[in-house]
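Data first, discussion second: the structure below is written as structure tokens.
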Amino acid sequence: MGTTSAAPHDTGFGPDEDRNGRAGSDGSNGPGGRLGRIARSPLGWLLTGAAGVGLVSGLTATGPGPVPVLGAAAAVAVYWGVMRRVARRSTPEIARPGAGREALLGGGIGLGFILVSALLITAFGGYSFSWAGDGFLSVVRTAVAVQIGAAVTEELLFRGLALQALEQLWGSRAAIVITSLFFGVAHLGTPGANAWSGVAIALEAGVLLGAAFLWRRSIWFVVGLHFAWNTTQQLLGIPVSGHAPEGLFTVDVHGSALLTGGSFGLEASIVPVLMGVAIAVPMLVLARRNGGLKTRRRARR
């Protein structure tokens, strides 16, 4: 892994400033007065962006064929519009130059993470796999489309909007803790979820994906990681956060739910929890060395 961030650590324009850093000539702190000030505050653009991206996700996530992919593209457009027009900040985290490289790097980490986790659980007697015998291309095509939509919209919401807004308010450490907790809570409504699965998701996914973003400062890196993670699980026939979509294999589960994750799937296993934390720690160390961890004071400048 490299030790340099993928993009400049731009915290954007202040909530009370115009593009040139000046207050409005009428003393109202920029166009729109108090309403504009509220919208340009971190919580204002977080809520605006979350409403827009969430609406796109809700309309397209379970659509047929390429609909989830089109939804992902629309979500990126909404995110860009909110960041540029409402938050009035630049968007280096979704820059196109280097996006493919970042997505591939993140995807490699996500693929390895899930394959090693599944291999260890299998070695300890938790999983056994058999070929499902269904159409290879149709299963892969559906999995790819659905998981692109899920990865892009979830990362825009949690790392693009929430983590960056909370980071601007309270610094990187508070932001990663809060977004990780919310990420765990957001998965409590899925099939097979319980208190432990929420904790597991918060630690292995919330912390790992948050650390990945703070290290690379690229949405494409965390999207690649998230996409490879979910897609690999689905194709292996392992439930993805409690959901059991069609895969290339069927998996038989044996033994303790702490090892296998039970009906929730691999993400509730202790194996990926330990692995996820182990991977997140060096990412956070690299982020700190690169100046990618912001204190509250630095983030609000």
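General observations
- Selection count, region 131-156, where residues are more than 25 Å from the chain's Cα centre (by Cα) and open to solvent by 50 Å² or more (accessible area, probe 1.4 Å): 6
- All of V281, V277 fail the test of being open to solvent by less than 70 Å² (accessible area, probe 1.4 Å) and not aromatic (F, W, Y), apart from V277.
- Hey, F129 hydrophobic (A, V, I, L, M, F, W, C), in contact (Cβ under 8 Å) with a residue 40 or more places away in the chain, more than 30 Å from A51 (Cα to Cα) and not in a helix (DSSP H, G or I) or not: yes
- Among the residues of region 233-258, those that are in a helix (DSSP H, G or I) and open to solvent by less than 20 Å² (accessible area, probe 1.4 Å) comprise Q233, Q234.
- Looking only at residues in region 42-53 that are open to solvent by 30 Å² or more (accessible area, probe 1.4 Å) and small (G, A, S), the one that is nearest to the chain's Cα centre (by Cα) is A50.
- One residue stands out in region 192-222 among those that are assigned to a loop (DSSP other than H, G, I, E, B) and out of contact with any Pro (no Cβ under 8 Å at 6 or more places or on another chain): the one that is most open to solvent (accessible area, probe 1.4 Å), namely N194.
- Residue ranges of helices (runs of 4 or more DSSP H) in region 1-114 with at least 2 members within 21 Å of S218 (Cβ to Cβ), out of contact with any strand residue (DSSP E or B) (no Cβ under 8 Å at 6 or more places or on another chain) and modelled with pLDDT of 95 or more: 42-60, 67-81
The values are calculated or read from the model by the stated rules, or taken from the named source; none is laboratory data. This is a predicted model, so every value here is computed, not measured. Heads up, the Cβs are rebuilt from the backbone with ideal geometry, glycines too, and the neighbour counts pull from every protein chain shown. Keep in mind that these areas ignore ligands, DNA and RNA; they rest on the heavy atoms of the full protein, side chains included. Shrake-Rupley method; radii C 1.70, N 1.55, O 1.52, S 1.80 Å.
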